[in-house]
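Worksheet: one structure, shown below.
The values are calculated or read from the model by the stated rules, or taken from the named source; none is laboratory data. Remember, predicted model here, so these are calculated numbers, not experimental data. Positions of Cβ are generated from backbone atoms using ideal geometry, with glycine treated the same way; all protein chains shown enter the neighbour counts. The area values use the complete protein model at the heavy-atom level, side chains included, leaving out ligands, DNA and RNA. Shrake-Rupley method; radii C 1.70, N 1.55, O 1.52, S 1.80 Å.
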Amino acid sequence: MAEGNGVFPPDNLKAEFDGIVARYPKKTAALIPILMRLQEEFQHITTEDMDGLAAYLDTTPAHVLGVVTFYTMFSQKKRGKHHIYLCKTLSCHIRGAEELLSLFEEKLGVKAHSGDASGDGEFSIDTGECLGLCEQAPCVLVDDQAIGNITPEMVDQIIEELRG
Amino acid sequence: MPTLTIDGREITVDPGTTVIQAAEELGIYIPRYCWHPGLKIAGNCRICQVEVVNPKLKFPCTIACNLMCGDGMVIETDSDEAKKARADVMEFLLINHPLDCPICDQAGECTLQEFSYEYGHDKSRFTEEKVHKSKRVQFSDQVSFDGERCILCTRCVRFCRDVVGNEELCLVERGDHEEIAVANGGGLTNPYSMNVIDLCPVGALTSSDFRFKSRVWFLEETPSACTSCARNCAVDIGTRWDKVMRLKPRENEHVNKWWMCDEGRLNYHYVNAADRLGYAYVQQGGKLVRTSVDDAVAMAHELIGKLPAEKLYGLISARLTNEEIFLAKRYLDQVAGAAGVGFLPRIGEGDDFLISADRNPNARGAGLIGVSAAKGLAADIKAGKVKGLVIFGDSFDHDEELMGALADLDFLVVMDYRLSETAKQADVILPGVTFAEKEGSITNIDGWVSKLNPALPPPAEARRNLDLLAGLLGRAGQDVPDTAEGVFRLLAETVSAFTDISYGEIFAASRQVATDAVVKAD
Ligand code: SF4
Ligand code: SF4
Ligand code: FES
């Protein structure tokens, strides 16, 4: 299970998950909202959690795995506390996403898609599909905040703010 | 009931019939990858394009596998439009395909190859780097997966989920990275898993047991039936170099539909094994000495005749065919006058799909012919009630009680296909054959009669069981037919359950015939 205590949902999330399930006419409708909370809480989704969640929602591990792998917001490898998601689709690509990626990678000491967080577990990077902010290209998603019109100078600033 | 026209031919179908099914009824084959008569409709591969003739339609082509027949519909399956649509689909399907037919085990029975040849282009216009995916993944010990060859038709997923009820496979990732995976890393474990290999229209799922052993076009395929349990699933026996190379399920609507279990599919290696009996043997001074089959038959008959009949028992295997059981029983009853006959029961675990708990393929037939499960044989031998034992087509190497009792016998005669530990104790060993080397019929647990056909010649000097049995009867002056069909007629005259079965029918069509008589028999 999430942190290895063998129960799903984990005690601290049980009431919340029960609440999510109660919101929908069908149990499986709670799948994505719960996966999002698990991702946020533990920075990854484990096989044990997928099995546990499948049983909790009366569905199959196959169904849960299909959903987890379909959406890039979910990760089976542990991400950093802060996750940086760079758009690499057409507009951002043309406006320098490649260069920004190298900068982020260099400054944080972590490779995109490596699945590894940086040495201190603080940061991880992924690239992916369009964020829908083409008019503000290039853009990134820092945790769940979208930031547009990024320049190389802004990279340092973003990192500093995150480091607090 | 809608009436429609397909390729100029009219057909009236039940409501809810799809165009691909209606075409099938007319004998018109529409290409398909994802559609299979035994699976739910997915409609994802798009190869089954047909033209719906209607001047109002700008794009007249659509897929036939999920298109319900409508009254007055006019369908063209082979028009230029339909063929062009299929060619376009083929082009997309092959964009990321590795085109590695020369090293792919599916080649020769791959519909991707066939439809590409029929409808596709001979050149690829795709000049980008192809997407790379999982290669050589073992979904289980028996099922190998190549993600790059997969066309994502989901037949394998639907089979596990909908037919077996065990959702072990799923689609993961998305877009051009999508592939099939075993859900959460566990292996493919269901007892019917190897059916996904036959279902897979391409070389993405191949059999670890069979692959790279032979190109399929070199195989000789003989329709027959599985003899590993009382279901009797219809199979094709694939042979080459006088060896069985593989078993594959053959469609039979009454017995196994399109499927078979993994255990039955893999249970053929014993046919090719080194311990097969190629010669007759007799016991001489504590050693087995090779002799001619005719001499062995004469000796067996002589030994049996010497013993008072009330001390004789006959084990007739329920693995034998109806015809063999019939002749064996006739010999033991009418010639030898044996005090008892019976078969060795074999009980395993069954399920509510195909696998029968009765692991004897023909216990039902044996019962109808008047042979029931043997009881208390070891005790009877120990008590001196049985002094002579004849075993037709069986062994009990792992039954300590029976093996231990053998020493108390005056004689033991064994007819079998291999030199079992049981046979090694025999005074006379007659070399018989396996299911793969004989013709005959077997009766399944529900009373369906199936036919076995010989895919291989008997090894060395071994003979068909029917010949050995006819030989024994011949020593006593009883003339019996020398073909399985002839013996079946004799059986049908004698055993009422088989009277209404036309032998020619099950034999010619390789299909099961239900007989009320058989079903009524219990
Ligand atoms: S592995 Fe074969 S059966 Fe399964 S989806 Fe791919 S092509 Fe279809
Ligand atoms: S279910 Fe029985 S008859 Fe069918 S393949 Fe399996 S063992 Fe053979
Ligand atoms: S067979 Fe019709 S879409 Fe696949």
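Here is how the numbers come out for the structure above:
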| read-out | value |
| --- | --- |
| Where labels lie 7 Å past Cα in the beta-carbon direction, separation of B:A357 and B:N54 in nm | 5.4 |
| Low-density loop positions, trypsin sites (Lys or Arg not before Pro), segment B:106-177 - DSSP coil, at most 15 other Cβ in 10 Å | B:K123, B:R125, B:K130, B:K135, B:R136, B:R174 |
| Members of B:K306/B:K382; B:K311/B:K375; B:K385/B:K424 lying beyond 18 Å, as alpha-carbon distances in this model show | B:K306/B:K382; B:K385/B:K424 |
| For chain B, share of DSSP beta bridges that run antiparallel, in % to the nearest 5 | 70 |
| Where the Cα pairs of segment A:11-70 fall when distances are cut into 10 Å bins, in % | 23, 62, 15 |
| Cα pair distances in segment B:438-485, grouped into 5 Å bins until the bin that holds the longest one, percent each | 5, 18, 21, 20, 18, 13, 5, 1 |
| Per residue accessible area of segment B:368-474, 1.4 Å probe, in Å² | 33 |
| Long pairs among B:K213/B:K248; A:K81/A:K111; A:K81/A:K107; A:K111/B:K135; B:K243/B:K287, criterion Cα-Cα beyond 18 Å | A:K111/B:K135; B:K243/B:K287 |
| Accessible surface of chain A [probe 1.4 Å, protein heavy atoms]: carbon and sulfur percent | 53 |
| Quotient of Cα Rg and 2.2 N^0.38 Å for segment B:216-298, N being how many residues it contains | 1.48 |
| Amide H partners (placed H, <5 Å) of B:A280, local residues excluded | B:T291, B:V293 |
| Segment A:37-130: translational diffusion in µm²/s, Stokes-Einstein, Kirkwood Rh over Cα pairs, 37 °C, 0.692 mPa s | 229 |
| If the convex hull is drawn through the Cα atoms of segment B:71-213, its volume per residue in Å³ | 145 |
| Test item: Cα-centred dipole of chain B, Lys/Arg +1 and Asp/Glu -1 on Cβ, debye | 620 |
| Given charges at beta-carbon only (K, R positive; D, E negative), |dipole| of segment B:60-136 in Debye | 440 |
| Shape box of segment B:280-512 [Cα atoms, principal axes, largest first, Å] | 51, 38, 31 |
| Value of relative contact order over segment B:1-73, rounded to a whole percent, pairs C-alpha under 8 Å and six or more apart | 39 |
| Placed amide H near B:I6: partners under 5 Å, 5+ positions off or other chain | B:I11, B:I75 |
| Square roots of five times the Cα gyration tensor eigenvalues for segment A:82-163, Å | 19, 13, 11 |
| Descending principal axes extents, chain A, alpha-carbon based, whole Å | 48, 32, 25 |
| P(r) weight above 19 Å for segment B:3-94, C-alpha pairs, percent | 34 |
| Phi-based couplings in Hz for segment B:292-300 (Karplus 6.51, -1.76, 1.60; Gly and Pro marked x) | 6, 5, 4, 4, 5, 4, 4, 5, 4 |
| Partnerless Cys - chain A, beta-carbon criterion under 4.7 Å | A:C130, A:C134, A:C139 |
| Radius ratio Rg over Rh of chain B, counting only Cα atoms, Kirkwood formula for Rh | 1.06 |
| Cut-off 12 Å between beta-carbons: net charge of the residues surrounding B:L169, Lys and Arg +1, Asp and Glu -1 | -1 |
| Chain pair A, B: total accessible area buried, heavy atoms, 1.4 Å probe, Å² | 900 |
| Rounded to 5, the percent of DSSP beta bridges in the protein assembly as shown classed as antiparallel | 65 |
| Note, ³J(HN,Hα) from phi for segment B:399-415, Karplus 6.51, -1.76, 1.60, rounded to Hz, x at Gly and Pro | 9, 4, 4, 5, 4, x, 6, 4, 4, 7, 7, 6, 7, 9, 10, 10, 10 |
| Per-residue ³J(HN,Hα) for segment A:100-109, Karplus 6.51 cos²θ - 1.76 cosθ + 1.60, θ = phi - 60°, Hz, x for Gly and Pro | 4, 4, 4, 4, 4, 5, 5, 6, 9, x |
| Rounded D (µm²/s) - segment B:391-478, Kirkwood Rh over Cα pairs, Stokes-Einstein at 20 °C, 1.002 mPa s | 147 |
| Antiparallel %, DSSP beta bridges [both residues in segment B:1-159], to 5 | 85 |
| Built amide H within the under 5 Å cut-off of B:G340, gap 5+ | B:G314 |
| Tail beyond 22 Å, pair distance distribution of segment B:333-418 (Cα, percent) | 32 |
| Debye log10 I(q)/I(0) for the protein assembly as shown, one point scatterer per Cα, at q = 0.08, 0.10, 0.11, 0.12 Å⁻¹ | -0.80, -1.04, -1.15, -1.26 |
| Reduction of at least 40 Å² in accessible surface, 1.4 Å probe, comparing all protein chains with the chain by itself, residues of segment A:40-70 | A:A62, A:L65, A:T69, A:F70 |
